[in-house]
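Inspection log for the structure reproduced underneath, given as structure tokens.
Readers should treat all values here as calculations from the given coordinates under stated rules, not as data from a laboratory. All of these numbers come straight from a predicted model, not from anything done at the bench. Reconstructed Cβ throughout: ideal geometry from the backbone, glycine too, with neighbour counts over all protein chains shown.
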Amino acid sequence: MEVCPSCFADTELKAFISASTTIENCKVCNAQNQPTMDLKELMDFFQELMDNYTPVDSGDSIKNKIQGNWSFFSDHQVAETILNYLLPKLNTSIHNANTPVDYIQEITNNYGYWETLKHELKWSHRFLSNLDQLLELGWDGFFNTQYRLTSNTTLFRARVHHRSGDQAYNHSEMYAPTRDYAKGGRANPLGIPYLYLCDNQETVLYEVRASYLDELSIASFKLKQNNEFVNIVDFTEDTPLFQPEMIQETIMGKLLREKVSKDLSKPMRRYDSEIEYIPTQYICEFIRIYTGASGVRFASSLHPSGKNIVIFNQDLLDCTQVDLHKVTTFQLNSSEF
């Protein structure tokens, strides 16, 4: 069976097939005049992929499991066609595209340890946790989805004014609180300030929970010019599955990052206990020490199209501008007061 790049959504696999010199009409997805490749050339990859799943009595099918976690194929029909062709030719007990499966125990134990660690940090032992266990699980290598923050990128931070008619805060007041005033947050422990930023002004509005007619200062931040770039661990990046000889590590890393990202993105509520923040504070410190990254980026739960960026060392950035704004019915308007 011949397949083409349009059969898949995985960027790495699309690029791999696109390098083929054979140009034909694809009989799987009906794309015209495409580079095509015999599925036999992908048998080793799919064998390695199937080795990470095991049949179960009920649950998601192998087709839905792959698509749900990875959006690997272009659509479900293409997934079913390719899997039904390949599975009988592989050394696997997964019979067809609709066989219910789960991940093998080695994978579920790995990402499942996040829940165990959370419980231990909150209720058992906090300061002498088992770092050796995390390193044995390979977690120090699972936060490698990093992007480079450069001085060309503008990030934003807001402070809501407590009364109407005040002038905008000055630049120095838009940084994180000093350590004497730094409360514990999703990423930072009590007394250790991190700088919480957003990738656009609209997300900032949601993150500070600004209300109609609120007045606020919005600051722009950029990486200092003497820093060419810094690396940020990115919990929002789509991870390609097509990484031969690293498939199990790729799956483990993605599933773990999804677990951590979900907890990082939870909005802070007034009645939350600071104990709830300890696991994500811990993992951010683990990332800072074991990856050398300068911060983390994760999805905003309050504004789904926006991203939050936490910088561990705020001295890496300059506050370049502070603007005064007022919240109108559906938008943020700049205003002179």
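Could you tell me the calculated FRET efficiency between Lys266 and Asn227, based on Cβ-Cβ distance and R0 = 30 angstrom, to the nearest 0.05?
Numbers: r = 31 Å, r/R0 = 1.02.
Taking R0 as 30 Å, the efficiency between Lys266 and Asn227 is 0.45.
Of the trypsin sites (Lys or Arg not before Pro) in the stretch 191-284, the ones in a loop by DSSP (not H, G, I, E or B) with at most 14 other beta carbons within 10 Å are Arg209, Lys224, Arg269, Arg270. Across the stretch 89-100, rounded Karplus estimates of 3J(HN,Hα) from the backbone phi angles (6.51 cos²θ - 1.76 cosθ + 1.60, θ = phi - 60°) give 9, 9, 7, 8, 8, 8, 7, 8, 5, 9, 5, x Hz, Gly and Pro being marked x.
Can you sort Met1, Met246, Met50 from fewest to most other Cβ atoms within 10 Å of each residue's own Cβ?
On the way: Met1 14, Met246 11, Met50 21.
Placing the least packed residue first, the sequence is Met246, Met1, Met50.
Approximating the spin labels as points 7 Å out from Cα along Cα→Cβ, the Asn170-to-Glu24 distance works out to 7.3 nm. The gain in end-to-end length when the Glu276 to Tyr181 segment is fully stretched comes to 32.3 nm, 0.36 nm per residue minus the alpha carbon separation.
Go ahead and run the numbers for FRET between Tyr85 and Glu258, Cβ-Cβ distance against an R0 of 25 Å, rounding to 0.05. Before the final figure, lay out each step's value.
Values: r = 30 Å, r/R0 = 1.19.
Step by step, r from the Cβ atoms, then E = 0.25.
Pairs of Cα atoms nearer than 8 Å and 6+ residues apart set the relative contact order; for the stretch 146-334 it is 35 percent.
Between Ala15 and Asp75, the modelled label-to-label distance comes to 2.7 nm, taking each label 7 Å out from Cα in the direction of the beta carbon.
Out of all DSSP beta bridges with both ends in the chain, state the antiparallel percent to the nearest 5.
Values: 42 of 45 bridges.
Around 95 percent antiparallel, to the nearest 5.
The packing ranking, built from the mean of other Cβ atoms within 10 Å per residue, places the peptides 64-74, 88-98, 225-235 in the order 64-74, 225-235, 88-98, highest first. Relative to the current alpha-carbon distance between Leu135 and Glu106, full extension at 0.36 nm per residue lengthens the span by 8.9 nm.
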